[in-house]
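Reviewing the structure listed below.
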Amino acid sequence: MILIVDDKPENILSLRKILELHDFEVDTASSGEEALKKILRNNYALIILDVQMPSMDGFEVAETISGYSKAKDVPILFLSAVNKDKKFIAKGYASGGLDYITKPVDPDILLMKVKTFIRLYEQNRQLQEMHASLRKEVEVRKNAQAALNAKVQEQHSILESLPQVAFTASADGVIEYANRHWFHYSPSLTQFPFTYDHEQQQLPVWENAINAGLPLEKEVYLHHRQHNHYRCHLLRAIPLEEEGRIVKWVGTFTDIAHQKQANEILEQRVVERTHELQEMNQALEASNHELQQFASVASHDLKEPLRKIQLFGTILRDRHLLSNTEALQYMERIVSSSERMTRLINDLLQYSRLSADVPFEEVDINAIIREILADLELSVRDACAEITTSNFPVVEAIPGQIRQALQNIISNALKFTRPGVSPCINIHAERVLDKEFFSPVTDDGPYCRITINDNGIGFNEMYLPKIFTLFQRLHGSDVYEGTGIGLAIAKKVIERHQGIIGATSKENEGATFIMVLPVAQPRQGEFN
């Protein structure tokens, strides 16, 4: 916008029309005082100022404008019809004017000067804006540099506090900073410490990492310059990237000599201990074999006198003691005890044989269940038991052992019944995903879950840890016969097959025994 200041309306009108015809925006003032008020409120690109005005002439107005910080850079064009002397023109320039035109005004010259001053004003304004922007950018950069320096100083302080050798490097591997430990292994910041293998052969580890542009982690040996020895260190170096380009490396050398020595000692002890365990295992296998032979011989030698006790005790009872009630009672106890002793010896012999190294083979559990039910036919009939079974998958097992385990659990279900309640036994099998009691069912699962459920007397689950232990009985032998070994045998068989066995129950509400076996036995090195 252009401000025209003149005390004569006709002058203002003529100048205004000339400028507006050429698309200039114009504002006017009829006195110096009015012009100063407008200058305080508005921004002008040019002021056309008449020299001869009442109250304040043009020179006084120009000098006042030069004192305003807002308008001091606005160009002033003086117009005068009287004062054409050089001293007045010089005074005009001295008071802040950029040009001096005498009246009458030539419109073309006026327009050229106006355009020039407007262009100069715009350029000056742009320069000022650029200067302001540059000053702001310089300030921002100074603040950023100060923050960066503080960050670098903080980083250096952190690196100095580390017990390891710590360093930073540029993208091309030139070391920029290293803490004091660096100089134990290098004479200067420009030389990367020489790295060696365990045979003290030099390795270009750092150069290879820079060329590859990949994180580095490697055990190396460094030569200590003062103590003149080689120590094992773990060298780690990480590239820092910006916009997919490596801009810096950060690395450390960690002294692991003591750790490595400890690991070597530990590995040696592990080797020695493994050798000792192998020798002990061989000794245990030999001892176990001898124990099995002893158990077989001892059971045979123990059963022979027991058979005689049973035989002669039965003869005495049936031929000579029928008339003597008291003696008959004692003899029946002797015969009953000898029979329990025979069962106990047989069960112990079976338990000891479970450790024998017998090969696994594919077994049809359906056929084994049929054999067991055929053997227990009399017990099933006497108890009026109802037994249901499902289809079993073929699994890798030891036939005799898996038969013994299943038979012991089914026999218990027929034995521990509630008075007046016919036994109902359900034998169910399904393939599952994991070796867990409640694993989800799947058609091609690698495990087989066998569930044997009954409606017998059950037991309190607080005794669950005891029922699979040798000789542990929850009921007296005078109520339910047995040796307390049956479930222990079942547990050992299932564990021998890399499976798990458990049970759930409530008193007088029956019991459920759950076994989970692998369909295919794990090969060597595949055990969980």
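The values are calculated or read from the model by the stated rules, or taken from the named source; none is laboratory data. The model shown is predicted, which means the values in this text are computed figures rather than measured ones. Virtual Cβ from ideal backbone geometry, glycine too; neighbours counted across all protein chains shown.
Name the residues in segment 153-211 that are surrounded by fewer than 12 Cβ atoms within 10 Å (Cβ to Cβ) and touching a helix residue (DSSP H, G or I) at 6+ places or on another chain (Cβ under 9 Å), would you?
Across segment 153-211, the qualifying residues are P163, D172, R180.
Scan V220, V247 and give me the residue that is exposed (fewer than 12 other Cβ atoms within 10 Å of the Cβ), touching an Asp or Glu at 6+ places or on another chain (Cβ under 9 Å) and either part of a strand (DSSP E or B) or among the hydrophobic types (A, V, I, L, M, F, W, C) (or both).
Sole residue among the options that is exposed (fewer than 12 other Cβ atoms within 10 Å of the Cβ), touching an Asp or Glu at 6+ places or on another chain (Cβ under 9 Å) and either part of a strand (DSSP E or B) or among the hydrophobic types (A, V, I, L, M, F, W, C) (or both): V247.
Is there any pair with a first residue in segment 179-197 that is more than 18 Å from H227 (Cβ to Cβ) and a second that is assigned to a helix (DSSP H, G or I) and of a type in the set (F, W, Y) whose Cβ atoms are under 6 Å apart and which are 6 or more apart or on different chains, and what are they?
Note: pairs meeting the criteria are F192/W206.
Out of curiosity, is L120 touching a Pro at 6+ places or on another chain (Cβ under 8 Å), farther than 21 Å from A237 by Cβ, modelled with pLDDT of 80 or more and assigned by TED's automatic domain parsing to the domain that holds I47?
Against the criterion (touching a Pro at 6+ places or on another chain (Cβ under 8 Å), farther than 21 Å from A237 by Cβ, modelled with pLDDT of 80 or more and assigned by TED's automatic domain parsing to the domain that holds I47), L120 qualifies.
Of all residues being among the polar types (S, T, N, Q) and free of Cβ contacts under 8 Å to residues at least 60 places away in the same chain in segment 412-452, which is farthest from A488 (Cα to Cα)? Just the residue, please.
T442
Would you mind telling me which numbered condition in (1) at pLDDT 80 or above; (2) loosely packed, with under 14 Cβ neighbours inside 10 Å; (3) not hydroxyl-bearing (S, T, Y) A327 fails?
With (1) at pLDDT 80 or above; (2) loosely packed, with under 14 Cβ neighbours inside 10 Å; (3) not hydroxyl-bearing (S, T, Y) applied to A327, the lone miss is (2).
Please go through segment 227-250 and give me each residue that is of a type in the set (S, T, Y) and within 12 Å of E217 (Cβ to Cβ), ordered by number.
Answer for segment 227-250, where residues must be of a type in the set (S, T, Y) and within 12 Å of E217 (Cβ to Cβ): there is none.
Check segment 425-447 and report whether any residue there is farther than 19 Å from I501 by Cα and assigned to a helix (DSSP H, G or I).
No: zero hits.
Does E176 satisfy the criteria of being charged (D, E, K, R) and either assigned to a helix (DSSP H, G or I) or farther than 30 Å from L234 by Cβ (or both)?
No; evaluated as a whole, the condition is false for this residue.
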